[in-house]
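A short worksheet on the structure shown next.
Please treat every number below as a calculation from the coordinates, not as lab data. Everything quoted here is computed from the prediction, not taken from an experiment. Don't worry about glycine lacking a Cβ; one is built from the backbone with ideal geometry, like all the others, and counts go over all protein chains shown.
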Amino acid sequence: MPEIAIIGGSGLYSADELKNIEEVKIHTPYGKPSDNIIIGTFNGMKIAFLSRHGRGHQYPAHLVNYRANIWALKELGVKRILAASSCGSLREELKPGTIVVLDQFIDRTTNRASTFYEGSKTCHISVAEPFCSQLRSVMLSAGQKLNLPTKPEGTYICIQGPRFSTKAESNLFRSWGADIVGMTLIPEAVLAREAEICYSNISLVTDYDCWKDSHVTIQEVLKVMGENVEKARKLLFSAIESLPAERSCECSTALKDALL
């Protein structure tokens, strides 16, 4: 079974690099995942692919069944998740087309189920360092090797959506030190940690958020998004080629001192 999975965000709805593909339907205690999971081979490795929003983008960020998605990948035997997301920039230097290899987040979501533990056990999972250090290093190296505009760290502020921010909110997020804004990182990253799955995210800038006094058309955003999808494909599969066989992080023991 696949030990590596890709979660694709807006625009990244398939993985044409995979061969000998099959679709797998997984039933979870939390309902249906966003889509059937695609399993195929790449360089002799079995890889799983899941479209976060579903093919056709039928699930907006606030309605994605994140628990079902992560549970389904865990059930398949996945130990590492490489995820991609689209985002808005909160910094002048993070131009559209930039790829940010995240190292921190701020959670501003509401009413999203963010844990698997709602019964007799409570899970105080540590997310002080919320992304797998080994995966981050491999993703960053892949971006540099491909000469892509890659930033080695960044703080993602996750908003509830589906609306975008007000200017006041956007400027507040900037004052907090956030670098990019999006809607999908949480609770996906936290649930992966609870499942003891290595998780890293590349966020691809499509536009400047509304703090910047410039008018951006949807056509311009879609153009950048299309270019970003090609960058994401190259980076993700280059990273997979470079992944060490063994995990050298602490993600696999994340629950050790977390359960009460």
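Observations on the structure shown:
- Neighbour counts of other Cβ atoms within 10 Å put V205, V127 in the fewest-to-most order V127, V205.
- Pairs from K25/K46; K74/K145; K32/K121; K151/K223; K19/K74; K46/K121 whose Cα-Cα separation, in the structure shown, is over 27 Å: K74/K145; K46/K121
- Our note on the geometry: Cα centres of the stretch 107-140 and the stretch 8-65, 20 Å apart.
- For F105, net neighbour charge (Lys/Arg +1, Asp/Glu -1) across residues whose Cβ lies under 14 Å away: -2
- Judged by the gyration tensor of its Cα atoms, with axes a ≥ b ≥ c, the stretch 99-254 is oblate; a/c meets the 1.5 cut and b/c is at least as large as a/b.
- Largest first, the three principal axis extents of the alpha carbons in the stretch 1-144 are 43, 43, 31 Å in whole numbers.
- Full-stretch length increase - L259, K25 - with 0.36 nm per residue and alpha-carbon distance subtracted: 81.2 nm
- Take every Cα pair under 8 Å whose residues are at least 6 apart in sequence, average their separation, divide by the length of the chain, and the relative contact order is 25 percent.
- Under the convention that each Lys and Arg Cβ holds +1 and each Asp and Glu Cβ holds -1, the size of the dipole of the chain around its Cα centre is about 240 debye.
- Only one residue of F131, S203, Y13 has its Cα farthest out toward the positive end of the dipole of the chain, where Lys and Arg carry +1 and Asp and Glu -1 on Cβ, and that residue is Y13.
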